[in-house]
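Student: One structure follows; several queries about it will come next.
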Amino acid sequence: MGRNLATKILEEHLVSGELGPGKEIGISIDQTLTQDATGTMAYLQFEAMRIPRVKTKLSVSYVDHNTLQSGFENADDHRFLQSVAAKHGVYFSRPGNGICHQVHLERFAVPGETLLGSDSHTPTAGGLGMIAIGAGGLDVAVAMAGRPFYLTTPRILRIMLEGELGPWVSAKDVILAVLQKLSVKGGVGKIVEYTGPGVGSLSVPQRATITNMGAELGATTSIFPSDEVTRKFLRSQKREQVWTALAADEDAGYDETVVMDLSSLEPLIAQPHSPDNVTSVRELAGTPVDQVAIGSCTNSSYRELMTVAAILQGKTIPPNVSLVISPGSRQVYETIARSGALADLIASGARILESACGPCIGMGQSPPSKGVTLRTFNRNFVGRSGTKDALVYLVSPEVAAATALRGVITDPRDLGDPVEIPEVDEFEIDDRMILPPAEDPDSVEVIRGPNIKPLPLKDPLENLVSGEVLLKVEDNITTDHIMPAGAKILPLRSNIPAISDHVFEGVDPTFASRAKSAGGGFIVGGENYGQGSSREHAALAPMYLGVKAVFARSFARIHRANLINFGIVPLTFVDPADYERIQQGDALEIAGLREALVQNADVQVKDRTQNRTFEVRHGLSERQCEIVMAGGLLNYTRERA
Ligand code: MIC
Ligand code: SF4
């Protein structure tokens, strides 16, 4: 049997282990990317490894998240990032140059290579035929040091695309349809590989929208073949020389296959508060909205903003709607400006923001109380917009623009003939906002502001671990629940003592102070605990508060890896009913934890409050056991250096 594309690239990069169900593999990483909200930690960790220059083919540091400088903190972080990049061989994409995933797709992604990024939407580059994986900052730091990235061999899920998209239906509708079918847990442990005759009808930015939101499936990554469409896109970026044709073998095998007919899709919408809560736009048509936000790494490419501009041209948005637009990259921004489309957007009453993540991560533009907001983004978790009781819906740019125009949720098919946007054969290429690393690293002084606090480290794991259940939460808890973001908290990303006070703030504002006064303890979660963002702060800050282990029904991949990296033991219930039995406040004791890890045995947990014992499983590889016992990956790496 032939090989699928994902397996081919994984095999080419395999440096340890062998591919097989449940087996841990180590792959070499060609490229890394970081963004500012996770990057400060990643570079502090890289510095701690005392390696002078990155050992990857290419590493890029982007500034796109913390661009609202309402105090010195973010600006200080940017200065640190710029200087540390110059010193250690990393390219630096300046604030304003765009969202990491959009810029990386335009300027750096290479078919067939591997990319590890400290952001969960790194799989965006899968639209260009890369194996691009999101991870915690520490994993990225280790990759920059030239070490492999470890993961459990993913199952390969094929999505066979047939037919072509109808008028006013776009890539966002494809991935919303996939989410509707598979749910936010449907991709856990899998790589989603798109194949079939429908692939050729999708442009690279459309493919990237689909692979981007594969993160919302919980997938390890998603990938498209590299074909003539890919070549054309690379030519438009004056990078045709990096193109190679890549595809699965004709007779390739897959673990699972789903068939999707593109021509049967209609405009879709994800309702509050989960990206998989999908229905048709028709169903909700007529609902009044307060805000429409267009942008993010999912939907802010050139063609998308041109489409929005064409829909709004010569019109004015109604008084009940605030329309905000953030172009995905400076290249997109400049191109729509030169074409005149930007003027059309401004004239329509749109509020134009800088090219950055912006409202997607709650950096400004929070909706009003109980406000209805339609966004072209990828996540609509409670509170992420900055307004806890807001109702956030996720849609395509076409639906967003039609809705902004009418002031009520609108199926764009009601607008009549679709707008046609001619493709750009060649973009104007200007990389002056991407700074190459210094030629003389010794001359560079790394600048640290007062917000950058030293990295907290954990002691090696003890054999007897005890404490109380500090919090019990339900299924699908996101890292936005665990470690909220937004304009007020994000500036503290390089200050763990300060950011720790906000852990679980939206769920239980007493959590941090209770954890501190109890000297730490445990967390209990349901299924898919820790889904969403890659922020390692969702592990690092609880570690700082003394959390020793998390019990859950199941974990999301990146968060589980982050817990291990910071020495917190992720444990799953052997009998799922124990999740129901265990209560917040129970006093627990685990004797012989280290032994259980070494012997690869199930772990006995004594619930002193209920006077009963239950079993949990760690499922850690030998390497992961050693990391946890060392008190985290940094200690482990140092011990081995
Ligand atoms: C997100 O979309 O949630 C973020 C902000 O980009 C995160 C990274 C972070 O929290 O810094 C992600 O997706 O990994
Ligand atoms: Fe930025 Fe939003 Fe994309 Fe995260 S999902 S990288 S916050 S635009």
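Student: Looking at the stretch 148-232, what strands (runs of 3 or more DSSP E) fall wholly within it and have at least 2 residues that are in contact with a Pro (Cβ under 9 Å, 6 or more places away or on another chain)?
Tutor: Qualifying strands (runs of 3 or more DSSP E): 155-162, 190-195, 221-223.
Student: If you don't mind, there's one more thing I want to ask. Would you say residue 536 is within 16 Å of ligand 2 (Cβ to nearest atom), farther than 20 Å from residue 468 by Cα and at pLDDT 95 or above?
Tutor: yes
Student: Could you check the stretch 473-488 and list, in sequence order, the residues that are under 23 Å from residue 578 (Cα atoms) and among the β-branched types (Val, Ile, Thr)?
Tutor: If the condition is that a residue be under 23 Å from residue 578 (Cα atoms) and among the β-branched types (Val, Ile, Thr), then 473, 477, 478, 482 are the ones that fit.
Student: Also, I was wondering about something else. Filter the stretch 465-509 down to the residues that are farther than 17 Å from residue 530 by Cβ, within 16 Å of ligand 2 (Cβ to nearest atom) and of a type in the set (D, E, K, R) and list them by number.
Tutor: The answer is 488, 493.
Student: Also, I was wondering about something else. Find the residue count for the stretch 28-63, including only residues that are outside any strand (DSSP E or B) and not basic (Lys, Arg).
Tutor: Qualifying residue count, the stretch 28-63: 22.
Student: How many residues are within 16 Å of ligand 1 (Cβ to nearest atom) and of a type outside the set (Asp, Glu) when one looks only at the stretch 11-50?
Tutor: Count: 13.
Student: Also, I was wondering about something else. Do the conditions hold for residue 187, that is, is it crowded, with 24+ Cβ neighbours inside 10 Å, within 29 Å of residue 527 (Cα to Cα) and out of contact with any His (no Cβ under 7 Å at 6 or more places or on another chain)?
Tutor: Yes: the conditions hold for residue 187.
Student: Further, regarding this structure: So is residue 91 out of contact with any Asp or Glu (no Cβ under 8 Å at 6 or more places or on another chain), surrounded by fewer than 21 Cβ atoms within 10 Å (Cβ to Cβ), of a type in the set (Phe, Trp, Tyr) and touching a residue at least 24 places away in the same chain (Cβ under 8 Å) or not?
Tutor: yes
Student: Follow-up question, since we're still on this one. So in the stretch 472-483, with the set limited to residues that are crowded, with 17+ Cβ neighbours inside 10 Å and over 22 Å from residue 81 (Cβ atoms), which one is nearest to ligand 1 (Cβ to nearest atom)?
Tutor: If we take residues in the stretch 472-483 being crowded, with 17+ Cβ neighbours inside 10 Å and over 22 Å from residue 81 (Cβ atoms), then 480 is nearest to ligand 1 (Cβ to nearest atom).
Student: Go through the stretch 219-235 and count every residue that is aromatic (Phe, Trp, Tyr) and within 11 Å of residue 125 (Cα to Cα).
Tutor: The number of residues fulfilling the criteria is 1.
Student: Next question. When the residues of the stretch 248-275 are filtered to those that are crowded, with 20+ Cβ neighbours inside 10 Å and closer than 29 Å to residue 332 by Cβ, which remaining residue is nearest to ligand 2 (Cβ to nearest atom)?
Tutor: Looking at residues that are crowded, with 20+ Cβ neighbours inside 10 Å and closer than 29 Å to residue 332 by Cβ, I get 275.
Student: I would also like to ask the following. Just to be sure I understand, how many residues within the stretch 98-128 are farther than 22 Å from residue 235 by Cβ and within 16 Å of ligand 1 (Cβ to nearest atom)?
Tutor: Final tally of qualifying residues: 10.
Student: Please determine whether any residue of the stretch 234-246 is touching a strand residue (DSSP E or B) at 6+ places or on another chain (Cβ under 8 Å), surrounded by 21 or more Cβ atoms within 10 Å (Cβ to Cβ), farther than 14 Å from residue 193 by Cα and modelled with pLDDT of 95 or more.
Tutor: yes
Student: For residue 77, are the conditions met, namely being more than 17 Å from the chain's Cα centre (by Cα), within 14 Å of ligand 1 (Cβ to nearest atom), buried (at least 22 other Cβ atoms within 10 Å of the Cβ) and of a type outside the set (Gly, Ala, Ser)?
Tutor: Here the answer is yes, as residue 77 does meet what is asked.
Student: Looking at residue 561 and the list (1) within 15 Å of residue 523 (Cβ to Cβ); (2) among the small types (Gly, Ala, Ser); (3) touching a residue at least 60 places away in the same chain (Cβ under 8 Å), which single condition is not satisfied?
Tutor: (1)
Student: I've got another one for you. Just to be sure I understand, how many residues within the stretch 36-62 are out of contact with any Ser or Thr (no Cβ under 7 Å at 6 or more places or on another chain) and within 16 Å of ligand 2 (Cβ to nearest atom)?
Tutor: The qualifying residues number 2.
Student: What is the one condition in (1) more than 13 Å from ligand 2 (Cβ to nearest atom); (2) under 21 Å from residue 106 (Cβ atoms) that residue 391 does not satisfy?
Tutor: Result: residue 391 fails condition (2) only.
Student: In addition: Can you find a residue that is in a loop (DSSP other than H, G, I, E, B) and more than 27 Å from residue 95 (Cα to Cα) anywhere in the stretch 355-365?
Tutor: no
Student: Here are some conditions: (1) at pLDDT 95 or above; (2) buried (at least 19 other Cβ atoms within 10 Å of the Cβ); (3) in contact with an Asp or Glu (Cβ under 7 Å, 6 or more places away or on another chain). Residue 466 meets all but one. Which one does it not meet?
Tutor: Going through (1) at pLDDT 95 or above; (2) buried (at least 19 other Cβ atoms within 10 Å of the Cβ); (3) in contact with an Asp or Glu (Cβ under 7 Å, 6 or more places away or on another chain) one by one, residue 466 breaks only (2).
Student: Same structure, new question: Just to check your reading of the model, which residue among 603, 628 is under 19 Å from residue 523 (Cβ atoms) and in contact with an Asp or Glu (Cβ under 9 Å, 6 or more places away or on another chain)?
Tutor: Going through 603, 628 in turn, the sole match is 603.
Student: On to the next question. Being buried (at least 16 other Cβ atoms within 10 Å of the Cβ), out of contact with any helix residue (DSSP H, G or I) (no Cβ under 6 Å at 6 or more places or on another chain), β-branched (Val, Ile, Thr) and at pLDDT below 95 narrows it down to one of 51, 9, 25, so name that one.
Tutor: 51
Student: Looking at 408, 395 in this structure, which one is surrounded by 23 or more Cβ atoms within 10 Å (Cβ to Cβ), of a type in the set (A, V, I, L, M, F, W, C) and in contact with a strand residue (DSSP E or B) (Cβ under 6 Å, 6 or more places away or on another chain)?
Tutor: One residue alone meets the criteria, 395.
Student: Among the residues of the stretch 603-641, write down those that are surrounded by fewer than 14 Cβ atoms within 10 Å (Cβ to Cβ) and of a type in the set (Asp, Glu).
Tutor: Answer for the stretch 603-641, where residues must be surrounded by fewer than 14 Cβ atoms within 10 Å (Cβ to Cβ) and of a type in the set (Asp, Glu): 622, 639.
Student: Restricting attention to the stretch 3-18, does a residue exist that is in contact (Cβ under 8 Å) with a residue 12 or more places away in the chain and farther than 30 Å from residue 250 by Cα?
Tutor: No, because not a single residue in the stretch 3-18 is in contact (Cβ under 8 Å) with a residue 12 or more places away in the chain and farther than 30 Å from residue 250 by Cα.
Student: Here's a follow-up. Among the listed residues 385, 369, which satisfies the condition of being more than 21 Å from the chain's Cα centre (by Cα) and assigned to a loop (DSSP other than H, G, I, E, B)?
Tutor: 369
Student: May I pose another question? If the Cβ limit is 9 Å and pairs must be 6+ apart or interchain, which residue in the stretch 108-136 that is modelled with pLDDT under 95 pairs with which residue that is part of a strand (DSSP E or B) and within 15 Å of ligand 2 (Cβ to nearest atom)?
Tutor: Going by the 9 Å Cβ cut-off, there are no qualifying pairs.
Student: Just to be sure before I move on: is residue 61 within 16 Å of ligand 1 (Cβ to nearest atom), in contact with a Phe, Trp or Tyr (Cβ under 7 Å, 6 or more places away or on another chain) and without any contact (Cβ under 8 Å) to a residue 60 or more places away in the chain in the structure I sent?
Tutor: yes
Student: Of all residues being closer than 24 Å to residue 633 by Cα and of a type outside the set (S, T, N, Q) in the stretch 491-500, which is surrounded by the most Cβ atoms within 10 Å (Cβ to Cβ)? Just the residue, please.
Tutor: Filtering the stretch 491-500 for residues that are closer than 24 Å to residue 633 by Cα and of a type outside the set (S, T, N, Q), the one surrounded by the most Cβ atoms within 10 Å (Cβ to Cβ) comes out as 493.
The values are calculated or read from the model by the stated rules, or taken from the named source; none is laboratory data. Treat the numbers as computed from the prediction; the structure is a model and nothing was measured. Cβ sites come from the backbone with ideal geometry, for glycine too, and all protein chains shown count toward neighbours.
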